[in-house]
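The values are calculated or read from the model by the stated rules, or taken from the named source; none is laboratory data. Just so you know, these numbers come straight off a predicted model, no measurement behind them. Cβ placement follows ideal geometry from the backbone for every residue including glycine, while neighbour counts extend to all protein chains displayed. We work out accessible area using only protein heavy atoms, side chains counted, and drop any ligands, DNA or RNA first. Shrake-Rupley method; radii C 1.70, N 1.55, O 1.52, S 1.80 Å.
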Amino acid sequence: MKLLGLDHVGIVVRDIDETVARVGDTLDGRAVGERFVSDDIDLQVLMAGESTLELIEVRNAGFGMPRLKDGDTAVIGHFGIQVDDLEDAKAELTRRGVALEGEVDTGEVRFIFTAPQTTFGVTLQLMEHKERGTGA
């Protein structure tokens, strides 16, 4: 299993519209890509300099990400980690006792989440970007 580096930080926010505006004002953050809205989450990716932030308003808690209530502050929902080979990473982490859940293949990227109780209390999103290929 080869880790390539941090892809993004997923931040759970109470009000996504307000937070997107504040990140824009505070860090010159700019929205990239389409906003993703489902029954469970409302998600917008922003670039702040060279860093990628994934802002997530959680409507139904899951994958270690809580639904915030009035008065709650933003929390780190997960860290997106690039791997060279997702199948290899899944096999290695399973061997190490890490529970995996929610595998997705978008056509551009394949990813899976870890259960936070098996990864030092933090959810990790292991990601293999298809256009980058696998390491060899």
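In terms of Cα to Cα distance under 17 Å, which lysines are near enough to Lys2, apart from those fewer than 8 places away along the same chain? Hits, sequence-local ones excluded: Lys90, Lys130. Taking Cα Rg over 2.2 N^0.38 Å straight from the coordinates, which label in (i) 0.95; (ii) 1.28; (iii) 1.06 is the correct one? It is the value labelled (iii). Based on Cα contacts under 8 Å between residues 6+ apart, segment 39-100 shows a relative contact order of 19 percent. Relative to the longest principal axis of the Cα atoms of the chain, helix 16-27 runs at roughly 90 degrees. Across the chain, the longest piece that holds none of the GluC sites (Glu not before Pro) lying in DSSP loops with up to 10 other C-beta atoms within 10 Å covers 51-107. Here the sum of -39500 (n - 2.57) over DSSP H runs of 4 or more residues, divided by the residues of the chain, equals -5000 deg cm²/dmol at 222 nm, to the nearest 500.
For the chain, carbon and sulfur atoms together expose 50% of the accessible surface, with a 1.4 angstrom probe and every protein chain in place. What segment 1-106 shows is 59 Å² of accessible area per residue, with the surface traced by a 1.4 Å probe over protein heavy atoms.
Scanning residues 5 or more positions from Lys2 or on other chains, those with amide H under 5 Å from its amide H are Asp84, Asp85, with H placed 1.01 Å from N in the peptide plane. Here the label points at Arg59 and Arg30, each 7 Å from Cα along the C-beta direction, are separated by 2.9 nm in the simple model.
Pairing the Cα long axis of helix 86-95 with the longest principal axis of the chain, what angle in degrees results, from 0 to 90 and rounded to the nearest 10? Once rounded, one gets 80 degrees. Comparing Gly49, Gly71, Gly121 in a Gaussian network model of the chain, where Cα atoms under 10 Å apart are tied by springs, the biggest mean-square fluctuation is seen for Gly71. Our estimate of slack between Asp85 and Val9, defined as 0.36 nm per intervening residue step minus the Cα-Cα distance, is 25.3 nm.
Could you tell me the relative contact order of segment 1-83? Use alpha-carbon pairs under 8 Å, at least six residues apart, and round to a whole percent. RCO, segment 1-83: 44 percent.
Taking the Cα centre of the chain as origin and assigning +1 to Lys and Arg Cβ atoms and -1 to Asp and Glu Cβ atoms, the resulting dipole is close to 380 debye.
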